[in-house]
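The values are calculated or read from the model by the stated rules, or taken from the named source; none is laboratory data. Note that the coordinates shown come from a computational prediction; the quantities given were computed from them, not determined experimentally. Note: ideal-geometry Cβ built from the backbone for every residue, glycine included; neighbour counts use all protein chains shown.
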Amino acid sequence: MEDEVSNRMEALLIATVSPMSKGDISAALSVDLKAVNKSLRSLKKRYEETSLELKTIGRKYKIGVKDKYSEVAFKYSESEMNKGELEIIGLLFRKGRTYISHVERLRGKKAEEELDHLGKLGLVEIIHQGRRRIVKLTRTFFSKYGKELKERVKLENTPEPQDNKEGQVQN
């Protein structure tokens, strides 16, 4: 029975886009929290020697690829985001946060739908400030993609060595 719950939980946590809390897992599988906790420990142990891991995001769980193997996985995986959503992510990654009106100017009529999808994925958060709405990236985004993006940005922003007048390379 214990293996069956772990297997069902594994299927659930791989199939879902957004991380799930223990309560959500319990409800989805119709099992008690004690069984959920036991299965989470079992899955964590099961993935010790594989390319997968049980990721803890806040108080929620998701099965994903270990950082060590993420480069090869992301290179060949299909994105859960479309091109427009990736543009929004790029804008927010550069700016940190911005008004929704700015995103709407960039993306047009599709902005609301794309922001809604990114919100369901847990990647963006909309904050109401009076009459204005501000959109920003979430901790979930940074825990899921942040390390890889930070490395790419660091590599892209590294200046090329320049030749000085004597023909020597400077750093």
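So which residues in the stretch 25-36 are among the aliphatic types (A, V, I, L, M) and surrounded by fewer than 16 Cβ atoms within 10 Å (Cβ to Cβ), if there are any at all?
Passing the criteria: ALA27, ALA28, LEU33.
Yes/no matrix, rows are residues, columns are (1) surrounded by fewer than 18 Cβ atoms within 10 Å (Cβ to Cβ); (2) in a helix (DSSP H, G or I):
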residue: MET9; (1), (2): no, yes
residue: GLY23; (1), (2): yes, yes
residue: LYS38; (1), (2): yes, yes
residue: THR50; (1), (2): yes, no
residue: THR56; (1), (2): yes, no
residue: GLU71; (1), (2): yes, yes
residue: GLU87; (1), (2): yes, yes
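Of the residues LYS110, LYS136, LYS120, which single one is surrounded by fewer than 12 Cβ atoms within 10 Å (Cβ to Cβ), on the phi < 0 side of the Ramachandran plot and modelled with pLDDT of 80 or more?
LYS120
If I go through the stretch 92-105 residue by residue, how many of them are in a helix (DSSP H, G or I) and modelled with pLDDT of 85 or more?
Here the count works out to 7.
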